[in-house]
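As structure tokens, the structure follows; a few thoughts come after it.
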There are 2 protein chains.
Amino acid sequence: MQLDTSRVDIGTSRPLVLLNTVDADELGAHPLDRVRIEHDQSVTTGIVKRTDQLVAQGVLGVTEPLHHITGSVTVQLASTPGSVRYIRQKLDDVELESHHFETIVSDIHEHRLSDVELSAYVSAIYTNGLSLEETKHLTEAMTGVGQRLRWDAPVVADKHSIGGVGGDCVTPIIVSIATTAGLTMPKTSSRAVTSPAGTADVMDVLCDVEFSIAEIEAIVSETNGCLVWGGGVDLSPADDEIIRAENPLSIDPPGQLIASVLSKKRSAGSTHVIIDIPHGEGAKVESLVTARELADDFKRVGAYLDMNVSCAITHGTDPVGRGIGPVLEARDVLRVLEGGGPEPLRLKSVQLASMLLKHCDVDASATEILNSGRALEKFRDIIAAQNGDPAIESDDLEPGSAQTTVEAARDGIVVRVDNRQLCDLARRAGAPKDTRAGIVVHQRATNSVQKGDPLYTIHAETATKLDEAETVSGQLEPIRVRSKADALVEQR
Amino acid sequence: MQLDTSRVDIGTSRPLVLLNTVDADELGAHPLDRVRIEHDQSVTTGIVKRTDQLVAQGVLGVTEPLHHITGSVTVQLASTPGSVRYIRQKLDDVELESHHFETIVSDIHEHRLSDVELSAYVSAIYTNGLSLEETKHLTEAMTGVGQRLRWDAPVVADKHSIGGVGGDCVTPIIVSIATTAGLTMPKTSSRAVTSPAGTADVMDVLCDVEFSIAEIEAIVSETNGCLVWGGGVDLSPADDEIIRAENPLSIDPPGQLIASVLSKKRSAGSTHVIIDIPHGEGAKVESLVTARELADDFKRVGAYLDMNVSCAITHGTDPVGRGIGPVLEARDVLRVLEGGGPEPLRLKSVQLASMLLKHCDVDASATEILNSGRALEKFRDIIAAQNGDPAIESDDLEPGSAQTTVEAARDGIVVRVDNRQLCDLARRAGAPKDTRAGIVVHQRATNSVQKGDPLYTIHAETATKLDEAETVSGQLEPIRVRSKADALVEQR
């Protein structure tokens, strides 16, 4: 069928084409079918949307990703991409092979799958799981479509947390310690997706985080490390698409998680990696047994890809630092480097840094490097290399001035500090968009409190946001205080 | 957040709203998140699409289903609908209960789910299956959201094929026989979705098929039966949405199939139903064992809903009639009623009609009714009641004049008549949109043929469509002829 193209903007990243219902019927094209578009001696595939009104008969509406197609084109029904068959096989619980994953990842990367197909992929992986072999193939396939960083150093250290814990900003401290000890550690981090602050959001408070590959290389050659945003360098581009389908369903299948993390690490050129797996009620992984299985799989897939992977199974029930939100977490980080700061954040950072040094066969003491102030000095060097102010101190960082403190309503014992509810509250207050918004946690589980003692403070940048967060705060109970009599038993 | 609404057309049936990226970040809204829109003292939920260009900051773009929302509105982040949690549970292979299915079906019916969520539902049902209890609950929930037809007759007969076979238009013949025998049989049928002709498409050749409920009642009170399009009466509206996700994945999970079919039968007021389950290579159900299991489940769910369901397991490997496509199938139907026609179509119709009469406790002979010409007379009455020409004869029906006949390339035996390839070819020739397009099959499996004998004829309405079908025909081999020596063994 011969059609004239017309540009249409519908805010999509998928290669959708709009067909008038009459033309679509003529072609026999249903919604989400593919058409083959011949134009200027080249051929492109489009995904069909039918419409009565948006385009007239005889016109092919081309959306944003296909705006390069102009003029008169020949359109015919095309077959569905090969990956759809493989996705169906995975729904049938058939073990997929290397070339299947290559096709699937390439179709995902090129935006060739509709939302229905992408979701079926994620659902299949989630419900039927991935074998170790499949996870290896998927990781390789995902590495294959990303950019690669290359380093001269024989050992390139890295650290990754599977996430889900508030105020868990140990990375800047670990990078500062490890690079002081002489390790090369070009750290790329993510921004928050569903959390109140990613490491990149926290660093963004102190310096720039978006750099080209050449700029990153310059920073690393100067300081041995960096703390930049990974999204700027496209290490595993298929991952963003997959996350787009995982988020609305709130699922994060373990095999996919391993492939997403390790494909990025491999593309980043890392040779020695520590994976932090927080576990416990409210964390991504609830049971210790599952955490250990995940750790073993991480190590096996790592070995297959010639990476030395070690895992740290940590406590993920309550927040690590006191602050949750970009500015509040940056303040905690600086305080630890300055010699103080929240004890759990300090402890966890030192332990993971020690583990990383040992893992990379470096004979140095993380505690000594931190206590001597050399880690702080190194951190300031990195901030300077990333165009920030190296003289910054923790006291310079002011959280949002609209604030309210929630107090204990009775004498008793703190039976639970609910990480998830606190993160939710921090987002309601405006984090990560409003960098100075967030929560300061004043209590830890098992503390004894008296009526009127502060439990947590909400900070926001505006009164409206504070109001919103306060309303939600009234519906939740992120820090639960019970009288001694009720502390151990909840009667229902 | 206060926003001004602006109407946007993007050809969607989902309640999407477009947010400028800046506003979306401010709200913390990701793609496919929900927002709560307060307007004119009422509240509506929208699904978020983020855009840099389509709407400016401060503006909420409302798409077609939300065009009733105008003026200034208050927008805030909303929680995901309850059904998403239940879908995730089904992905976890948790058995769902009655109220879960009610929520899911109601959210599907109200277009409240995004494509990602709808696909996860279909994927979960497909991969983890539905228990008998779950299928019952789902069927009840799907019936609950549809319109209901009510009839005075104590016995209301119905017949349904799960489909997938070409030229299988037995329904008009069965309805004519059953209503002649005194049964009430208000038959609603579908149009083709992925096949070359649905029963409604075939009847559309002979008379009108789209009627209101009142009109259908008038037709049935006059003739005891009807042969109308079911889409006009909305008996199970959630089904169309579910099919929208099933089609691109080419999956049709058994529990969902049973619920879709029986919810429609129940809404149509049927009391006695025959389900035709074609099986064999290339049919929807390949093995006899699976067909029998499906039949048993159909009967059990039917009994639960107080319907008398019987199943006919039939051969679904090759086409039943000779013609495939609306006009060609209408011609076969008339020929059988006139006393001739393709033998397998005649036989299958009589056997299913006999089964239905017995099932409804009617003492009459289907063969006698057909042979006496009374079924033809009744069929003409129905055509007249549906505004068609009752004098029509099979010879009045002319297939498309652009035609080509494919001949045997060698002497030998017909080892396979491939139903799927023939249907594909009929669609390429233009069916069902071009009603006179389609295929006439000249051979059946095990026939002996000589080089040059006709195998099948392609009919199209235009030379262009014929060309297209011929090209595809050259790539396929819908009727396979092998020399006697190779007939039983394919060497690879």
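Considering each of B:SER79, B:SER83 in turn, give the residue that is free of Cβ contacts under 8 Å to residues at least 40 places away in the same chain and farther than 16 Å from A:GLY11 by Cα.
Details: B:SER79 fails: free of Cβ contacts under 8 Å to residues at least 40 places away in the same chain.
Unique residue meeting the criteria: B:SER83.
A quick yes/no check of all residues on (1) under 17 Å from B:GLY325 (Cβ atoms); (2) within 11 Å of chain A (Cβ to nearest Cβ); (3) at pLDDT 95 or above; (4) within 25 Å of the chain's Cα centre (by Cα):
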{"site": "B:LYS433", "(1), (2), (3), (4)": "yes, yes, no, yes"}
{"site": "B:ARG436", "(1), (2), (3), (4)": "yes, no, yes, yes"}
{"site": "B:THR446", "(1), (2), (3), (4)": "no, no, no, no"}
{"site": "B:LYS451", "(1), (2), (3), (4)": "no, no, yes, no"}
{"site": "B:LYS465", "(1), (2), (3), (4)": "yes, yes, no, yes"}
{"site": "B:ALA469", "(1), (2), (3), (4)": "yes, no, no, yes"}
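Of the strands (runs of 3 or more DSSP E) lying entirely inside the stretch B:397-477, those carrying at least 3 residues that are touching a Gly at 6+ places or on another chain (Cβ under 7 Å) are B:438-441. Kindly establish whether A:ILE392 is among the β-branched types (Val, Ile, Thr), at pLDDT 95 or above and either part of a loop (DSSP other than H, G, I, E, B) or in contact with a strand residue (DSSP E or B) (Cβ under 6 Å, 6 or more places away or on another chain) (or both). So A:ILE392 passes the test.
Mind telling me which of the residues A:PRO248, A:PRO253, A:PRO319 ends up being crowded, with 24+ Cβ neighbours inside 10 Å and within 14 Å of chain B (Cβ to nearest Cβ)? Lay out the reasoning, then the answer.
Working: A:PRO253 fails: crowded, with 24+ Cβ neighbours inside 10 Å; A:PRO319 fails: within 14 Å of chain B (Cβ to nearest Cβ).
Being crowded, with 24+ Cβ neighbours inside 10 Å and within 14 Å of chain B (Cβ to nearest Cβ) holds for just one of A:PRO248, A:PRO253, A:PRO319, which is A:PRO248.
Going by what's in this entry, would A:GLN53 be described as polar (S, T, N, Q), within 9 Å of chain B (Cβ to nearest Cβ) and not in a strand (DSSP E or B)? For A:GLN53, the condition - polar (S, T, N, Q), within 9 Å of chain B (Cβ to nearest Cβ) and not in a strand (DSSP E or B) - is met. Within the stretch A:122-140, residues that are within 14 Å of another protein chain (Cβ to nearest Cβ) reach partners that are acidic (Asp, Glu) with beta carbons closer than 6 Å, at six or more positions or on different chains, in the pairs A:VAL122/A:GLU246; A:ASN128/A:ASP93. Among the helices (runs of 4 or more DSSP H) confined to the stretch B:196-283, the ones with at least 3 residues that are farther than 20 Å from B:LEU183 by Cα are located at B:199-204, B:237-249, B:254-267.
Got at least one residue in the stretch A:222-243 being touching a Leu at 6+ places or on another chain (Cβ under 6 Å) and of a type outside the set (Val, Ile, Thr)? So far as the stretch A:222-243 goes, no, none of its residues is touching a Leu at 6+ places or on another chain (Cβ under 6 Å) and of a type outside the set (Val, Ile, Thr). Tell me, yes or no, whether the stretch A:363-371 has at least one residue that is farther than 27 Å from A:THR271 by Cβ and not basic (Lys, Arg). Scanning the stretch A:363-371 turns up at least one residue that is farther than 27 Å from A:THR271 by Cβ and not basic (Lys, Arg).
Among the conditions (1) within 29 Å of the chain's Cα centre (by Cα); (2) closer than 15 Å to A:ILE458 by Cα, A:PHE379 misses just one, which is (2). Look at B:LEU294 and say whether it is over 18 Å from the mean Cα position of the chain (by Cα) and either within 18 Å of B:GLU133 (Cβ to Cβ) or not β-branched (Val, Ile, Thr) (or both). So B:LEU294 does not fit the description; no. Of all the listed residues (A:VAL73, A:VAL8, A:VAL35), the sole one being closer than 20 Å to B:ASN247 by Cα and crowded, with 19+ Cβ neighbours inside 10 Å is A:VAL35.
Yes/no matrix, rows are residues, columns are (1) more than 30 Å from B:VAL220 (Cα to Cα); (2) within 14 Å of chain A (Cβ to nearest Cβ); (3) modelled with pLDDT of 95 or more:
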{"position": "B:GLU102", "(1), (2), (3)": "yes, no, yes"}
{"position": "B:GLU110", "(1), (2), (3)": "yes, no, no"}
{"position": "B:LEU113", "(1), (2), (3)": "yes, yes, no"}
{"position": "B:VAL116", "(1), (2), (3)": "yes, yes, no"}
{"position": "B:THR143", "(1), (2), (3)": "no, no, no"}
{"position": "B:LEU149", "(1), (2), (3)": "no, no, no"}
{"position": "B:VAL156", "(1), (2), (3)": "no, no, yes"}
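Of everything listed in (1) closer than 15 Å to B:ARG7 by Cα; (2) within 14 Å of another protein chain (Cβ to nearest Cβ); (3) out of contact with any Asp or Glu (no Cβ under 6 Å at 6 or more places or on another chain), the single unmet condition for B:VAL48 is (3). Within the stretch A:147-180, the set of residues being among the small types (Gly, Ala, Ser), more than 18 Å from the chain's Cα centre (by Cα) and surrounded by 24 or more Cβ atoms within 10 Å (Cβ to Cβ) comprises A:ALA157, A:SER176, A:ALA178.
Return a yes/no flag: does the stretch B:219-227 have any residue that is in contact (Cβ under 8 Å) with a residue 24 or more places away in the chain, surrounded by 19 or more Cβ atoms within 10 Å (Cβ to Cβ) and closer than 29 Å to B:SER106 by Cβ.
Quick first cut of the stretch B:219-227, residues in contact (Cβ under 8 Å) with a residue 24 or more places away in the chain only: B:219-220, B:222-227.
Filter once more, so that each one left must be surrounded by 19 or more Cβ atoms within 10 Å (Cβ to Cβ): B:219-220, B:223-227.
From the residues that got through so far, the ones that are closer than 29 Å to B:SER106 by Cβ too are none.
The answer is no, given that none of the residues of the stretch B:219-227 is in contact (Cβ under 8 Å) with a residue 24 or more places away in the chain, surrounded by 19 or more Cβ atoms within 10 Å (Cβ to Cβ) and closer than 29 Å to B:SER106 by Cβ.
The values are calculated or read from the model by the stated rules, or taken from the named source; none is laboratory data. All values reported here derive from a predicted model rather than from experimental measurement. Heads up, the Cβs are rebuilt from the backbone with ideal geometry, glycines too, and the neighbour counts pull from every protein chain shown.
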